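> Below is the structure I would like to discuss, written out as structure tokens.
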Amino acid sequence: MSRVFVTGSADGLGLMAARLLADDGHAVTLHARDGSRAATAAAALPAAERVVVGDVSSIAGMRAVAEQADEGGPFDAVIHNVGVGYRESRRRETADGLAHVFAINVLAPYLLTALMQRPARLVYLSSGMARGGSADLDDPQWTRRRWAGARAYSDSKLFDLVLAFGVARRWPDIPTNAVSPGWVATRMGGAGAPDDLAAGPDTQAWLAVSDEPSAQVTATFFYHRSPIDPPAAAHDPARQDALLDYCAELTGVPLPDQR
């Protein structure tokens, strides 16, 4: 049995991955934005050990989630599933003055990774839309550019790949990978999404707990349990260091050294 923390698991792919893990006998901790969604998540998956509550659109909320999660001790795996989609029609600003999409999709997984006790495995949710993104940090908060929701989302999902592979390089003893779950019919993906919904949560759950050698690699991008080529920026150490340094500057928390 493994202990797994799944962020953003009140519904959608996060809850589905948590259910797969719980059904296989693993101990799952869920995460929800607020108390109401936490109650809904607990009712949807009674087998879950507990539900961590916190809104990761703010740095304070990210810190609160990390603190609550750590109360249960280190996990065998953390699936960084939390995210928002590409349909935001205007730039939304968080309490910290950051772009909403960047704060939730990129900064939250960074800060949780930096603050929590290190798990045995890390899994980050990216997207096929990362291929249309840019890893340029000239204006990641969209304060100068004209807002484009799909582009901001694509950028954030490429940043997630850069983050995952940067962590993998800094912490080579921890298998750290990224997943494209496909375009599936969740609330985020929309009713017309064409990919197999049942396959959407499978790869991240498999990477979190499987003893198969193919699931114990690191710095790999997966789609339906198969490695796929990431955009070149993901493997660029300079891009990785720049993003890690930028997130450390925003939060005041550098990624700890390997220990």
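The numbers here are math on the coordinates, done by the rules we state, and not lab data. Since we're looking at a predicted model, the values are computed, not measured. So basically every Cβ, Gly included, is an ideal-geometry build from the backbone, and we count neighbours across all protein chains shown.
> So what's the back-of-envelope 222 nm ellipticity for the chain, counting only DSSP H runs of four-plus at -39500 (n - 2.57) apiece and dividing by all residues, rounded to 500?
-10500 deg cm²/dmol
> For Asp139, what is the net charge nearby, where nearby means another residue's Cβ is under 13 Å from its Cβ and Lys, Arg count +1, Asp, Glu -1?
+2
> Report D for the range 1-111 in µm² per second (integer): Stokes-Einstein, Kirkwood Rh on Cα pairs, 25 °C, 0.890 mPa s.
Roughly 174 µm²/s, to the nearest whole number.
> Something else: Tell me the volume per residue, in Å³, of the convex hull enclosing the alpha carbons of the range 3-251.
Each residue corresponds to 115 Å³ of Cα convex hull volume.
> Need one number: % antiparallel among DSSP beta bridges in the range 3-251, to the nearest 5.
Roughly 15 percent of the beta bridges in the range 3-251 run antiparallel, per DSSP.
> Hey, in the GNM for the chain with a 10 angstrom Cα cutoff, which one of Ala64, Ala238, Ala22 fluctuates hardest?
Comparing Ala64, Ala238, Ala22 in the GNM, the peak value goes to Ala238.
> Kindly state, to the nearest 0.05, the FRET efficiency for Ser134 paired with Asp76, given R0 = 45 Å and r defined as their beta-carbon distance.
For R0 = 45 Å, the calculated efficiency reads 0.85.
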